[in-house]
Amino acid sequence: MESWRITLLFTFMILVANVPDAQAESSAEEFGLEIPEQCSSLSICDNIPNYPQQQAKKAVARLRDKGILSDETPKDTRRGGRIEDNIELCAMDVKTFIPEASVDAQGKWHVVLNPKGNPIQKFQVEMCKREKSPCAAFVVFAPGKKGACIQNYVYNPMRVLHTDGSTSNKLLRLPSTCSCVAQPAG
């Protein structure tokens with residue numbers, strides 16, 4: 001085969017290999033989901049009124065049949081170390097989320113694969129009881145600084161449901177820890 005034909009064939013193969021697969025949408029907008037107001041500030045929601053339960057159950061069954069899913073304990077996104085050795089500087093609660101929707105880095109909501117009665121994704125997180133509340137009274141900051149408790153977030157891979165019933169992994173936002181930080185006073 002002539003070298004220009006080999007080069008052309010090779011170039012075509014690279015171009016075809018780099019074309020993304022056509023895939024149905026996983027966005028909440030495409031599903032027509034109603035995201036409750038209280039979920040917007042957290043960027044994650046574990047109770048969507050019109051979540052596509054039947055479609056999610058079928059997708060989970062297909063993944064289990066293929067041996068892709070296994071029963072797992074909740075993923076812990078909190079900080080490491082023994083809790084009993086820590087003195088917490090912020091008032092917080094530990095919560096287990098079983099998300100039905102969450103946002104990506106661009107702020108777009110996606111349907112998380114988690115049918116009721118058969119959830120496959122659970123996350124244990126620390127939630128500040130009151131964001132921007134003062135840190136513990138015994139914490140002293142340098143002059144001109146004050147302490148405040150803030151909610152931290154991470155992007156974690158979650159399996160999302162697409163409108164055609166297929167699934168894929170996507171990095172979605174998830175609360176992780178509550179931290180005491182120094183901020184300018186005033």
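Remark on LEU113: its backbone amide H falls under 5 Å from those of ARG159, VAL160, LEU161, a criterion applied only to residues 5 or more positions apart or on other chains, H modelled at 1.01 Å from N.
Take ASN152 and ILE87, extend 7 Å from each Cα along the Cα→Cβ direction, and tell me the distance between the two endpoints in nm. Distance between the two pseudo-spin positions: 2.0 nm. Note on LYS57: lysines with a C-alpha under 28 Å away, same-chain residues under 8 apart excluded, are LYS66, LYS75, LYS95, LYS108, LYS116, LYS122, LYS170.
Read-outs throughout are calculated quantities, based only on the coordinates presented, and are distinct from any laboratory measurement. Treat the numbers as computed from the prediction; the structure is a model and nothing was measured. All Cβ positions, even for glycine, are placed from backbone atoms using ideal geometry, and neighbour counts span all protein chains on display.
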